[in-house]
Amino acid sequence: MRIALLGGTGDIGEGLAVRWGRDTAHELLIGSRDPERAREAADAYRETVADHGGDADIAGYDNTMAADRADVAVLAVPPYHVVDTVEAVADGLDEGDVLVTPASGMSRDEDGFSYNPPGVGSVAALVRDATPDAVPVVGAFHNLAAGRLADLGTELGIDTLVFGDDDDAVDSITQLAEEIEGLRALHVGGLGAAPEVESLTPLLINVAQQNEGLHDLGVRFH
């Protein structure tokens, strides 16, 4: 399978790339608005995986080309860039592809981080509205600490919550998530579940910042 990480030069893109690169044989396409930056990131991710005994198939492209070649595209961009990114790559998304959104809307003040959803109710809803109808949207990977994910010397032992309206797409992303060693994927419903899942991200950041030793915390449901 070909997996595109759009905006994959950032923290969450790096973490997913090195984990999938080490734990799977999928072809990983690192996307960026700057293809040279994407190629440099891909080289670095391959080196990281090689340092941990893996041999990853990772290459860098501009976002449009990465999306055009992929079966699954992950929007590894901040929430305020999701619509622009989807619109830029929409012509390269085909029926049968899956678009994954891990972004959460947040604001920050003196009390810490707060959930700040867009007017349509969730970032996932923004993505759905911008995505071609034939391409299912799935939410996943929201509550993963990027530092923990990118550190291949750290065991995960955590969960990610997955939601979407297309059962086959949800099953596909659930399987992809669980191919990452130590990550369990739990289905929480359709796209209507997005606000509850997205709102966990600012909560976890606040817990991590206010408690010593929890910088890269994750969640495990028992």
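In the list ARG108, ARG184, ARG148, which residue meets the criterion of being modelled with pLDDT under 95, closer than 22 Å to LEU5 by Cβ and out of contact with any His (no Cβ under 8 Å at 6 or more places or on another chain)?
Among ARG108, ARG184, ARG148, only ARG148 is modelled with pLDDT under 95, closer than 22 Å to LEU5 by Cβ and out of contact with any His (no Cβ under 8 Å at 6 or more places or on another chain).
Looking at the stretch 21-70, which of the residues that are hydroxyl-bearing (Ser, Thr, Tyr) and under 19 Å from ALA90 (Cα atoms) is nearest to the chain's Cα centre (by Cα)?
It comes out as SER32.
Starting from the stretch 200-214, take each residue that is more than 20 Å from VAL123 (Cβ to Cβ) and list its partners that are assigned to a loop (DSSP other than H, G, I, E, B), counting only C-beta distances under 7 angstrom and pairs at least six apart or across chains.
VAL207/LEU214; VAL207/LEU217; ALA208/LEU214; ALA208/HIS215; ALA208/LEU217
Please go through the stretch 141-191 and pick out each residue that is buried (at least 21 other Cβ atoms within 10 Å of the Cβ) and without any contact (Cβ under 8 Å) to a residue 40 or more places away in the chain.
Matches in the stretch 141-191: THR160, LEU161, VAL162, PHE163, GLY164, VAL170, ALA177.
Checking the condition at pLDDT 95 or above, part of a loop (DSSP other than H, G, I, E, B), on the phi < 0 side of the Ramachandran plot and aliphatic (A, V, I, L, M), which residue from VAL100, VAL135, VAL83 passes?
Only one candidate qualifies: VAL135.
Tell me the residue from GLY213, GLY189 that is at pLDDT below 95, assigned to a loop (DSSP other than H, G, I, E, B) and farther than 13 Å from THR101 by Cβ, please.
GLY213
The values are calculated or read from the model by the stated rules, or taken from the named source; none is laboratory data. What you see is a predicted model, and the numbers here were worked out from it, not measured in a lab. Every residue, glycine among them, receives a Cβ derived from its backbone with ideal geometry; neighbour counts consider all protein chains shown.
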